[in-house]
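The values are calculated or read from the model by the stated rules, or taken from the named source; none is laboratory data. Remember, it's a predicted structure, so these values are computed and weren't measured experimentally. All Cβ positions, even for glycine, are placed from backbone atoms using ideal geometry, and neighbour counts span all protein chains on display.
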Amino acid sequence: MHRQDAASCATSLRYNHCVASKKAAPAKKQTRSAASKKSTTAPVEEMQLEILGYRDLVIGQKVTIANLEWRLEECQRKLRVVTRHRDEMKRSATWRIGRLVVTLLWPVRKIRSILRPAKPSPSN
Amino acid sequence: MTARISLVVPVYNTRPEFLRECLDSVLDQTCGDWELCIVDDASTNPETLRVLDRYARKDSRIHVKRRTINGGIGAATNDGVSMASAPFIGFLDHDDILDRRCVRKVLIELDKDDETDVLYTDERLLQPDGTFVPAKKPDWSPERLRSQNYICHFAVYRASLLREIGGLTEDLEGSQDYDLVLRATERARRVAHIPEILYTWRTHVGSFSNSQGTRDVAFESGRRAVENQCARLGIDAMVEHGDVLGIYRVRRQLTSRPRVSIVIPTKGTESFVDGRRTVLVVNCIRSILEKSTYTDLEFVVVADDDTPESVLDELRAIDHEALTILGYDRDFNFSDKCNRGVLASSGEVVMLLNDDIEVIDSEWCETMLTLALQERVGAVGCLLFVEGLRVQHAGHVYRAGFPTHEGMGFPIGHEGPTRNILTQREVTGVTGAALMVRRDAFMEVGGLSNVFPNNFNDVDFCLKLRHAGYTNMYTPYARMYHFESITRGKSVDVTEHNEILGRWWQELHSDAYSRSAHRFSAEPTSLVSPLKGS
C-alpha cells in the first residue's frame with residue numbers, strides 16, 4: 001500500500017473510531033475508589049481513558065499498516081530473488097541440455113506407450 | 001583510480017606472518033577503491049621492515065612511511081591520518097584481518113547517506129587456539145558507548161571530521177581509540193552500523209591487552225575518556241568503574257526532584273516470600289518506604305474488587321500521606337488497570353510496578369530518574385532478580401517474533417552475553433513489571449493498549465515510545481526482586497501474540513540493540529597492542 005493510502009486509511013479509521021465512540025459510549029461503571037480512606041485524587045474520568053484509547057488506536061493502526069507494507073515489500077523482494085534464481089537457472093547449460101533430452105525422449109516414450117500391450121483388467 | 005577509503009595501519013615489530021596476513025587481506029578486497037597508509041613506528045625487527053618493503057613494491061596503492069623516532073600508537077596513527085588522501089579513513093591493526101567484502105560493503109553503506117560521518121561493523125575475535133568468537137554489535141547507542149567501548153573494529157571516520165577533532169590524543173594511554181570514537185561520534189551527523197562481521201581481531205600472547213598491569217592503566221584511561229566526554233557535553237556526572245573492569249558507570253546528578261507516582265495493580269495475593277506468608281502488595285510498598293532515599297513518592301494501588309478486605313486494611317494501615325487505593329470492578333486487564341492508575345496519579349513521572357516486586361537498592365529511584373528525565377528518553381527499566389538468585393530481566397530482546405528477557409536465568413553477578421546485564425544502555429523495550437516513564441510520554445503514546453490485557457502490553461508500549469521518537473533505557477544500578485508467576489500463570493495468549501506480531505512484525509524480528517551470538521571482549525583496545533610498548 002502506498003504511504004499516502006496508508007495515511008488516509010488511518011484517518012478514516014480515526015473517524016470511524018470517533019463515530020463509534022460517540023454512538024456507543026461505554027457505560028460508566030461504579031468504581032470502588034471510595035475503598036480508600038486516603039484518596040487524594042479525583043476519580044478517573046472515562047473521557048481521559050477514551051483519549052488514551054484513541055491515541056493508542058491511531059498509533060496501532062498506523063504501525064500495523066506500516067508493518068503490512070514492510071512484510072509485503074519483504075515478500076516481493078524474496079519473490080524477485082527466487083525469480084532471478086529461476087531465470088539464471090533456465091539460462092544455464094545444464095538446464096538447456098536437460099530440456100533437450102526431455103524433448104528428444106518424448107517421441108520415444110510416446111511410441112513405447114503405444115506399442116506396450118494393454119494390461120488385462122483385474123476382473124479378467 | 002582515486003581511493004575512496006584510506007586504511008591506516010600503524011606497525012611496530014609485527015610478526016611477519018601476521019603482517020603478511022593483514023596486508024594480504026587488504027590486497028584481496030573485492031573492491032579496489034582503497035589506499036593503504038602504513039606507518040612504521042621505528043621498528044627494530046628487520047623481518048618486519050623487509051615485509052613492508054616487499055608489499056610497497058607490489059602495489060602502488062600501498063604507501064609506507066618510516067618514523068625515525070618511536071612515538072607510540074597515537075603518534076603513528078596520526079601520521080597515517082596525515083598521509084591519507086581519501087574522504088574516509090578506516091583503522092586497521094597490524095595483526096588483524098579484513099574480510100574481503102569489507103571495503104565494498106563499507107562504501108555501499110556510505111553511499112546510502114551523505115551525512116554518515118562514522119561507521120562501524122561487527123567483528124570476530126580470533127583466539128590463540130584458532131577459534132572465533134563473534135561480536136555482533138547493537139546499532140548506534142551513545143549511552144552504551146559511555147558505559148563500554150562496544151565499537152572497537154572496524155571503525156571508519158570521515159577524514160575531515162577526524163582532522164577537525166585533531167586525530168588521536170597521545171595521552172590516555174591504552175584508550176586512545178575509545179577517546180577518539182567518543183570525540184568523533186559526539187560531532188558526527190550520523191553514525192551507521194553494518195551488522196555483518198567484516199573484521200577479524202587477533203588476540204595472541206604477545207598482545208598488549210593480555211598484560212594485567214597495562215590493562216589496568218588502559219581501563220583507567222577509558223574512565224578518564226568518558227569523564228572528558230561528560231565534561232564536553234555538559235553532563236553533570238561522576239564516572240566510576242563499573243562492577244567489572246571495562247564497564248564504566250556514569251553517575252548523573254539529579255537536577256530536579258519531581259514527584260514519582262508508583263502505580264501498582266493488585267488483587268491482594270498472599271504468598272510465601274523468604275519462607276514467610278506475605279501480602280505481596282504490602283511487602284512491595286513497605287520495601288520501597290523502608291529502603292528508598294527518594295522521598296517524594298506517591299502510591300496508587302489499583303485493587304480488584306475481590307481483593308480481601310484484610311489486605312485493604314493492611315494497605316490503609318501503611319503510614320504514608322500519598323497512598324490512594326483505586327477500586328477496579330472489570331475483568332482483569334493489566335493495561336487498563338495501569339492506565340486508570342496513572343490517570344488517578346499526580347506525579348510528573350510514573351513508575352509502573354507489579355505488586356510482587358521488592359526493591360533492593362536504596363537509590364533505585366534516583367538512578368532511574370536520572371535517565372527518565374533526559375530529553376527524548378521513554379521507558380526506563382531496571383535489573384530484576386527472581387527468587388533463587390537468578391536474573392529475570394535485564395532489558396527486552398526481540399528475536400524471531402518472540403519477545404524475551406535479556407540475561408534471563410543467569411546467576412546474580414554474572415555479566416551475561418556482551419556484558420548486557422551489567423551495562424547501562426539503550427534497549428528496544430523493558431518489562432512493565434518495573435517501568436519508569438515521564439507522564440507526558442505516557443500520555444503521548446496512549447498509555448498501555450487495552451488490546452493486550454495479559455501479555456505484551458509492555459512490549460507494545462515500549463515500541464510505541466520508540467515509534468514516537470523516544471529511546472528506552474536499561475540500568476543495572478537499580479535492582480529489585482520480582483517474585484514472578486506467584487501472582488499469575490505463565491501462559492501466553494495466542495491472540496495477543498498474533499496482535500503484537502500484526503502491529504510490530506518488523507521490530508520483533510530485528511532488534512536493533514540486541515543481536516544474537518554477540519560477545520564483546522573485556523579487552524581495552526587493540527590499537528594499543530604491541531605498539532604501546534614502543
Requested in this report: Scan B:Thr295, B:Thr278 and give me the residue that is away from chain A (no Cβ under 14 Å), surrounded by fewer than 23 Cβ atoms within 10 Å (Cβ to Cβ), part of a strand (DSSP E or B) and not charged (D, E, K, R).
Outcome: B:Thr278
Requested in this report: Answer yes or no: is there a residue in the stretch B:515-525 that is modelled with pLDDT of 50 or more, more than 14 Å from every other protein chain (Cβ to nearest Cβ) and under 30 Å from B:Asp177 (Cα atoms).
Outcome: yes
Requested in this report: Tell me, please, whether a residue that is within 11 Å of chain A (Cβ to nearest Cβ), of a type in the set (Asp, Glu) and in a helix (DSSP H, G or I) can be found in the stretch B:355-375.
Outcome: no
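I'm checking my understanding of the structure. Among residues of the stretch B:145-179 that are in a helix (DSSP H, G or I) and aliphatic (A, V, I, L, M), which one is farthest from B:Leu110 (Cα to Cα)?
That would be B:Leu145.
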**Report entry** From the options B:Ser287, B:Ser335, residue that is of a type in the set (Gly, Ala, Ser) and more than 10 Å from chain A (Cβ to nearest Cβ)
**Finding:** B:Ser287
Report summary line: Counting only residues that are surrounded by 19 or more Cβ atoms within 10 Å (Cβ to Cβ) and at positive phi, the stretch B:128-162 contains a total of 1
Requested in this report: Report the residue count in the stretch B:268-320 for those that are within 36 Å of the chain's Cα centre (by Cα) and farther than 19 Å from B:Val359 by Cα.
Outcome: 1
Query - Some residue of the stretch B:309-331 being within 28 Å of B:Thr475 (Cα to Cα), hydrophobic (A, V, I, L, M, F, W, C), away from chain A (no Cβ under 14 Å) and assigned to a loop (DSSP other than H, G, I, E, B) - result: no
Requested in this report: Please find, within the stretch B:338-354, the residue that is surrounded by the fewest Cβ atoms within 10 Å (Cβ to Cβ) out of those that are assigned to a helix (DSSP H, G or I) and either more than 14 Å from every other protein chain (Cβ to nearest Cβ) or out of contact with any strand residue (DSSP E or B) (no Cβ under 7 Å at 6 or more places or on another chain) (or both).
Outcome: B:Leu343
Report summary line: Scanning the stretch B:421-459 for residues that are facing chain A (nearest Cβ under 9 Å) and assigned to a loop (DSSP other than H, G, I, E, B), the one surrounded by the most Cβ atoms within 10 Å (Cβ to Cβ) turns out to be B:Gly447
Query raised in the report: Tally time: how many residues in the stretch B:460-480 are more than 18 Å from B:His393 (Cβ to Cβ) and not in a helix (DSSP H, G or I)?
Result: 4
